[in-house]
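Below: one structure, written as structure tokens.
Each value in this text was obtained by applying a stated rule to the coordinates, not by laboratory testing. A quick note: this is a predicted structure, and the numbers were derived from the prediction, not measured. Don't worry about glycine lacking a Cβ; one is built from the backbone with ideal geometry, like all the others, and counts go over all protein chains shown.
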Amino acid sequence: MAARGALLKYLRVNVSTLPRTTATNLFSLSFNAIHRRFSEEVRGSFLDKSEVTDRVISVVKNFQKVDPSKVTPNAHFQNDLGLDSLDTVEVVMALEEEFGFEIPDSEADKINCINLAVDFISSHPQAK
């Protein structure tokens, strides 16, 4: 225990050598730089919502069982496009392939229209 105390005493750095304002400014500068970099990375990793909308509509229009003239940004898969639950699963799988990430089953079950697909994909950082 005495050795630990001696070692800690030896390793201590005297912080009082810097004026308080300088230490605070250094911390503030470091924190702001880290925050700015993180914010830019996060902001830059999401896709533009209009681009996502165009790509989702394209995927749905290319689905065999869909009449392309009925596809709108507000279209519901079952009510407007006449897709059953299996077709909806296939559309979600096609969206996963288009955007390069896996949609968890719990979220995929909630996607039943184009708007919900666009909202989920545009807010997902792994979407490409």
What residues qualify as long-range amide H neighbours of residue 113, i.e. H under 5 Å apart, gap of 5 or more or another chain, H built at 1.01 Å from N?
77
DSSP loop (so not H, G, I, E, B), at most 12 other Cβ within 10 Å: list which GluC sites (Glu not before Pro) in region 49-117 pass both filters.
102
If I stretch the segment between residue 79 and residue 46 completely, what's the gain in nm (0.36 nm per residue apart, minus their alpha carbon distance), one decimal?
8.9 nm
Value of relative contact order over region 49-128, rounded to a whole percent, pairs C-alpha under 8 Å and six or more apart
36
